[in-house]
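Let me begin by presenting the structure, written as structure tokens, before commenting on it.
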Amino acid sequence: MPATTDVRALRQQSEDLEFESKRLKAEARGIFASSDAEKRGLTEDETARLDAIEGRQASIDRNRKSLETEISEAQAAEKAAPARAVVQSVREAVEDDPMRGFKSSSEFYRCVMSAGPTGNRADARLRPLQIGAAPGSDEQQGADNDYGGYWVPRLMASQLLAVTPEMDPTVGRTMDIPMAGARVDLPARVDKDHSASVTGGFTVARRAEAAIIASSRIATEVIALDAKSLAGLAYVTEEILADSVISFAAVINQAAAQAFASKELSEKLNGNGTTQMAGVIGHAATITTTRAGAAAITGAEVLAMRARCWGYGSAIWIANHELLPILAGASLTGSGTNTDFPMFVPGNGTDVPDTLLGRPIFFSEYAEATNTPGDLVLGNWGEYLFGQFEGVTAAESMHIRFDYNERAYRFVKRNDGKPWWTTALTPVKGTATLSPFVILGAGA
């Protein structure tokens, strides 16, 4: 493999590590911002996640330093390599070879870039492609398409422009369950009706000294996680892998990681619970509150959602982007004048999050469209089970479509997730049920 290719691949690896490092730093800032917004210390889960982030960052730093050393050594080896033999018959190569003597387009581009502005270091194969000034004109110039620009090959930058998918605000907030097997059964206490017992049936009572103690027992149930396969497959021609200025394999790997994260967030919100993870929208334990109008959300409606949320101190809001101007105008009106209390408080876009009624709110393209149940979701994601059986396993094969001269890249991950509550909670007093997940219904 040529040294230039080695250097390119190493640089791509370094860029991938830098991308991951930025993502981890953003996640850490989010954890601290959430703690500061709630004016509390870090939870055990948050501390554990920060420790994991710190450990991964240290590993990334070591790997990047190692890559920098390898890049320097590869560049030195490239400079020390013997010069390419000069093409003896340039005219003959131009006439007989449509590639003008170059093995690939990427080799041609590298020669053009290394030729310099004056062309003094130009490869001999480039000389018959140079354009001289036309008689009667000032000069030929690449800046003018009609007078030379069309002859100038377009170079491809070694950086891929891409829209990074939005972050998953539930990461680090769910109840992570290690799965040693494809199915894990978790015993749970049936304790969602507090009108008679807050412990699923066990009760205590005052008694006279000689009176018998009334017996009771706890009811339990099983919550199952079944690992489901999430997979992706891509075919890439060997020509692209050989000729691309960018490491196409690295592009596919990065795209796969982003696609998996995107799919998981989508399912956490709206999965069907059979072939997918179970989403909170439409779940049996999720509460749907009413909305009066289709074009507005009032402060009273936001407050009603908060009133039905169990564990609001750990909850976050997720809303469709279209709701931002609507929620910005939501307020509570008190008695007297100048007593409107805004519900939405904007953050600074970095370490201070936007908040709605004191809790962080994340605007996401994965939330449902405006005036659809699920366009505004309030969730305490600590009550959502997320089981990981197998992380992403990647494999490639040149044999599946060998006759097409294509290589196959396969990515597979197995996991499951669901709210572990099977019903909403009936409180000791009152009739309004509570749930860790509350969504706003559609308006008329």
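The values are calculated or read from the model by the stated rules, or taken from the named source; none is laboratory data. Everything quoted here is computed from the prediction, not taken from an experiment. For neighbour counting, all protein chains shown are included, and Cβ atoms are generated from backbone atoms with ideal geometry for every residue, glycine included. Keep in mind that these areas ignore ligands, DNA and RNA; they rest on the heavy atoms of the full protein, side chains included. Shrake-Rupley method; radii C 1.70, N 1.55, O 1.52, S 1.80 Å.
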Filter result for Glu20 (farther than 25 Å from Glu166 by Cα, open to solvent by 40 Å² or more (accessible area, probe 1.4 Å) and either of a type in the set (S, T, N, Q) or out of contact with any Cys (no Cβ under 6 Å at 6 or more places or on another chain) (or both)): no
For residues that are in contact (Cβ under 8 Å) with a residue 24 or more places away in the chain and in contact with a Gly (Cβ under 8 Å, 6 or more places away or on another chain), scanning just region 210-257, find the one that is farthest from Asn415 (Cα to Cα). Ile218
From Ser158, Ser137, Ser195, residue being open to solvent by less than 100 Å² (accessible area, probe 1.4 Å), under 45 Å from the mean Cα position of the chain (by Cα) and either at pLDDT below 90 or among the acidic types (Asp, Glu) (or both): Ser158
Against the definition (in contact with an Asp or Glu (Cβ under 7 Å, 6 or more places away or on another chain), modelled with pLDDT of 85 or more, more than 30 Å from Ser247 (Cα to Cα) and not charged (D, E, K, R)), how does Val204 come out, yes or no? no
Check Ala227, Ala231 and return the single one that is of a type in the set (Gly, Ala, Ser), surrounded by 14 or more Cβ atoms within 10 Å (Cβ to Cβ) and over 30 Å from Lys429 (Cα atoms). Ala227
If we keep just the residues of region 263-299 that are open to solvent by less than 30 Å² (accessible area, probe 1.4 Å) and in a helix (DSSP H, G or I), which is nearest to Glu368 (Cα to Cα)? Leu269
One residue is enough: does region 270-279 have a residue meeting the conditions of a type in the set (A, V, I, L, M) and either under 30 Å from Phe363 (Cα atoms) or free of Cβ contacts under 8 Å to residues at least 12 places away in the same chain (or both)? yes
Residues of region 401-434 classified as modelled with pLDDT of 95 or more, small (Gly, Ala, Ser) and touching a Phe, Trp or Tyr at 6+ places or on another chain (Cβ under 6 Å), total: 1
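Given the criteria part of a strand (DSSP E or B), open to solvent by 50 Å² or more (accessible area, probe 1.4 Å) and over 30 Å from Glu238 (Cα atoms), does Lys429 qualify?
Criteria not met by Lys429.
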Quick one: which residue in Ala48, Ala37 is in contact with a Pro (Cβ under 8 Å, 6 or more places away or on another chain), open to solvent by 30 Å² or more (accessible area, probe 1.4 Å) and farther than 27 Å from Ala255 by Cα? Ala37
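The rows are residues; the columns are (1) acidic (Asp, Glu); (2) surrounded by 21 or more Cβ atoms within 10 Å (Cβ to Cβ); (3) touching a residue at least 12 places away in the same chain (Cβ under 8 Å); (4) part of a strand (DSSP E or B).
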{"residue": "Ala367", "(1), (2), (3), (4)": "no, yes, yes, no"}
{"residue": "Pro373", "(1), (2), (3), (4)": "no, no, yes, no"}
{"residue": "Gly382", "(1), (2), (3), (4)": "no, no, yes, no"}
{"residue": "Gly387", "(1), (2), (3), (4)": "no, yes, yes, yes"}
{"residue": "Arg407", "(1), (2), (3), (4)": "no, yes, yes, yes"}
{"residue": "Thr422", "(1), (2), (3), (4)": "no, no, yes, no"}
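Would you pick out the residues in region 190-234 that are under 30 Å from Phe260 (Cβ atoms) and part of a loop (DSSP other than H, G, I, E, B)? Lay out the reasoning, then the answer.
Within region 190-234, the first condition is being under 30 Å from Phe260 (Cβ atoms), and the residues that meet it are 222-234.
Result: Ala227, single match.
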Quick check: anything in region 393-400 under 28 Å from Asp185 (Cα atoms), part of a strand (DSSP E or B) and modelled with pLDDT of 95 or more? no
